[in-house]
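Worksheet for the structure shown next.
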Amino acid sequence: MATRSEIAVAIDGPMGSGKSTVAREVARRLGFRYVDTGAMYRAVAVAALRRGVAVDDPDALAAVARALRLELTFGANGATRVAVDGEDVTGELRTVSVNRVVGKVAGAPGVRAVLGGIQRDLGTTGGVVMEGRDIGSVILPRAQVKVFLTASPEARARRRQAELAAAGEQVSLHDVRRIEDEDDRAAMTRHVGPLRIAPDAEVIDSTDLTVDEVVDRILGSVARARGL
Ligand code: DC
């Protein structure tokens, strides 16, 4: 039976599955640290763009990841702030230019090795909700609670469109679907860090569930893992 501080919750899923909103809320309700691993890949993308590194060169991307000093600050409200070499780049993580190249950054094996090491360290202490693509399968295979969140393609496209609109980008549903398909295909065919469902993960289809309903189900799994 795991104590509260030993519990790690891994939440994986495709774009638009609602995993960020859910993971943040689960962390808030438990008083756990929320770790957004996508933000780390995005931070490396920001650094690569600034340095003018060719995003088609996986070795050059890995060198950027190895050289940079990545600092994560976990705010009380669940927000993850990311600083690269002492400069806060949180505001740049979700720009169009980063969106365009982050898939290539995340596909570079050397980048995954560097960030994976940091993520494992963050997970060892427990008391953490870590969100990404490969957390339950690769990064924290011993997490006590693993959730793979899915949703219908339509629901995912609608959520993603709303997210982009909130960031000031108006994209048609058709284009969102196209981007989403490309992202999923890339995530599933990358030979490292694929979007993979851990055999012991609980698969939750959020299409017809509210955020609170998904959160409650995960909190129920956490309570069972704690033997409550
Ligand atoms: O979840 P997100 O959109 O912020 O993720 C940004 C990119 O990083 C996206 O291409 C998926 C990828 N990613 C990954 O490969 N592995 C993770 N653990 C998290 C994100």
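The values are calculated or read from the model by the stated rules, or taken from the named source; none is laboratory data. Everything quoted here is computed from the prediction, not taken from an experiment. Here Cβ is always computed from backbone atoms with ideal geometry, including for glycine, and neighbour counts include all displayed protein chains. Note: accessible area is taken over every heavy atom of the protein model, side chains too, but ligands, DNA and RNA are not part of it. Shrake-Rupley method; radii C 1.70, N 1.55, O 1.52, S 1.80 Å.
Looking at this structure, is Asp59 open to solvent by 10 Å² or more (accessible area, probe 1.4 Å), near the ligand (Cβ under 10 Å from one of its atoms) and of a type outside the set (Ser, Thr, Tyr)? So Asp59 does not fit the description; no. Answer yes or no: is there a residue in the range 15-28 that is more than 30 Å from Val145 (Cα to Cα), open to solvent by less than 20 Å² (accessible area, probe 1.4 Å) and more than 13 Å from the ligand (Cβ to nearest atom). Checked against the condition, which is being more than 30 Å from Val145 (Cα to Cα), open to solvent by less than 20 Å² (accessible area, probe 1.4 Å) and more than 13 Å from the ligand (Cβ to nearest atom), the range 15-28 yields no hits at all. Considering the range 131-142, and only residues there that are open to solvent by 10 Å² or more (accessible area, probe 1.4 Å) and assigned to a loop (DSSP other than H, G, I, E, B), the residue that is farthest from the ligand (Cβ to nearest atom) turns out to be Arg142. Scanning the range 66-122 for residues that are more than 30 Å from Gly31 (Cα to Cα), small (Gly, Ala, Ser) and either surrounded by fewer than 16 Cβ atoms within 10 Å (Cβ to Cβ) or within 9 Å of the ligand (Cβ to nearest atom) (or both) gives Ala67, Ser97, Gly103, Gly107. Residues in the range 29-43 that are within 15 Å of the ligand (Cβ to nearest atom), in contact with a strand residue (DSSP E or B) (Cβ under 8 Å, 6 or more places away or on another chain) and assigned to a helix (DSSP H, G or I): Thr37, Gly38, Ala39, Met40, Arg42, Ala43.
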